[in-house]
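Notes to accompany the following structure.
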Amino acid sequence: IAALDAIINTAASHDVQEVVIGMAHRGRLNVLANIMGKTYEQIFSEFEGTAIIDQTMGSGDVKYHMGYGSEITTPDQKKIHLKLVPNPSHLEAVNPVLEGIVRAKLDRMGSIYDATYPVLPILIHGDAAFAGQGVVPEVLNMSQLRGYKTGGTINIVINNQVGFTTPPSESRSTVYSTDIAKSIQAPIFHVNG
């Protein structure tokens with residue numbers, strides 16, 4: 001949450017107009033409340049079934065898989081639009097969807113052609129899903145292609161030590177779950193939280 005807050009504030013100070021976030025379910029309620037500004041009342045009324053759901057953001061298979069959009073003002077008094085993309089239970093399914101949303105926004109703005117990137121994509125992953133689901137290297141592999149690039153995506157990979165029931169030693173051949181990102185020479189920072 002602290003990293004997301006810093007990224008969003010810094011992005012806004014560098015003239016980014018919108019941040020689009022994709023993530024699975026772990027931590028999603030925390031992001032909705034503490035980053036997106038969704039009130040606890042809104043969140044709980046959706047769980048109670050009393051809220052009128054905006055179907056344009058996706059109905060989701062459970063309430064906290066729905067999308068959400070908001071506009072916040074940073075400490076520097078910059079306004080920035082935030083969008084949390086709807087995501088079904090399959091953890092990394094959101095990755096190409098998010099990249100497509102961002103690319104479409106950039107195309108419509110015309111900014112892809114003058115190499116300005118006013119929309120920042122952020123993907124949040126668990127370590128086991130990042131290393132274990134084939135859609136991750138597929139999206140990374142396409143990220144440098146002219147027809148798919150978005151100017152770069154910030155990927156935050158959270159190490160939760162075990163992927164459902166599989167320990168790291170039985171789920172990948174590399175030391176770090178992020179080693180797949182070396183395929184596109186992406187910078188990787190390991191941070192102890």
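Values computed for the structure shown
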quantity: Estimated inter-spin distance, Thr74 and Asp15, nm [label 7 Å along Cα→Cβ]; calculated: 1.3
quantity: Of the DSSP H helices in the chain, those whose Cα atoms cover at least 15 Å axially and whose Kyte score averages -0.5 or more; calculated: 2-13, 94-109
quantity: Where labels lie 7 Å past Cα in the beta-carbon direction, separation of Ile154 and Asp114 in nm; calculated: 2.4
quantity: Accessible area per residue, Å², the chain with all protein chains present, probe 1.4 Å; calculated: 58
quantity: FRET E, pair Gln185, Arg26, Förster distance 35 Å, beta-carbon r, rounded to 0.05; calculated: 0.80
quantity: For the range 79-150: rounded, prolate or oblate by the Cα gyration tensor [a/c cutoff 1.5]; calculated: oblate
quantity: Taking N as its residue count, the alpha carbon Rg of the chain over 2.2 N^0.38 Å; calculated: 1.03
quantity: Fraction of accessible area attributable to carbon and sulfur, the chain (%, probe 1.4 Å); calculated: 54
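The values are calculated or read from the model by the stated rules, or taken from the named source; none is laboratory data. What you see is a predicted model, and the numbers here were worked out from it, not measured in a lab. Cβ coordinates were reconstructed from backbone atoms using ideal geometry, including for glycine residues, and neighbour counts include every protein chain displayed. These accessible areas exclude ligands, DNA and RNA; they are computed on the full protein's heavy atoms, side chains included. Shrake-Rupley method; radii C 1.70, N 1.55, O 1.52, S 1.80 Å.
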